[in-house]
1. Can you name every residue in the stretch 117-139 that is closer than 18 Å to residue 35 by Cα and in contact (Cβ under 8 Å) with a residue 12 or more places away in the chain?
2. Being hydrophobic (A, V, I, L, M, F, W, C), at pLDDT 80 or above and either within 12 Å of the chain's Cα centre (by Cα) or farther than 30 Å from residue 126 by Cα (or both) narrows it down to one residue among 31, 20; which is it?
3. Take residue 123 and tell me if it is among the aliphatic types (A, V, I, L, M) and modelled with pLDDT under 85.
4. Got a sec? Which of 57, 133, 149 is at pLDDT 85 or above and within 30 Å of residue 14 (Cβ to Cβ)?
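The values are calculated or read from the model by the stated rules, or taken from the named source; none is laboratory data. Please read these numbers as outputs of a predicted model, since none were measured by experiment. Because the Cβ atoms are built from the backbone with ideal geometry, glycine has one as well, and the counts that use them run over all protein chains shown.
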Amino acid sequence: MVVSSGISLIAMTMMLFVSLLFVAEHVLFGLAAYHDAQSQGNPDAVIWGLAVGFLGIIPGIIYLCVRGSGRRLVRCANCGYPHDASDFCCPKCGEKNPAAAEANPYAQVLASRARKEMIGGIAVIAAGILLMILVMLFFGVFMMRYRVIF
């Protein structure tokens, strides 16, 4: 049947597009968790980014619960080496840390990047939901109009 093969092709194309949206959402949320963890001075930023990227929302919720705990790291303004906020100088280059208790100098940039990636991830989820609704409406109207029975 020509109608059935056309429907199958459209359905497979839509499934491929939804799968790509799913992958894009995971990548964006993983990057957002990574950059947020870096802005918080978390030494396990890579692990959090990979966990949220590969495993999804459950590690993301756990990260949000524990993101403020643990030791506080800052990056050296001279060489960028991460070290404890209470250090008076950088252990790598010896640059003095004038504000030993202040935040990471790159924190604002990383937090802004994390916010943009989070917004992108939410937009991808919204686009996926909208696409699924449109596909269901299309197939519903098509099946009613041509009385297609699977």
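1. Step one: list which residues in the stretch 117-139 are closer than 18 Å to residue 35 by Cα, which gives 117-122.
Selection gives 117, 118, 120, 121.
2. None of the other options fit; the residue is 31.
3. Working: among the aliphatic types (A, V, I, L, M): yes; modelled with pLDDT under 85: no.
Criteria not met by residue 123.
4. Answer to the selection: 133.
Residues are listed down the side, and each one gets a yes or a no for (1) assigned to a helix (DSSP H, G or I); (2) in contact with a Leu (Cβ under 9 Å, 6 or more places away or on another chain):
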| position | (1), (2) |
| --- | --- |
| 24 | yes, no |
| 27 | yes, no |
| 31 | yes, no |
| 36 | yes, yes |
| 41 | no, yes |
| 48 | yes, no |
| 60 | yes, no |
| 63 | yes, no |
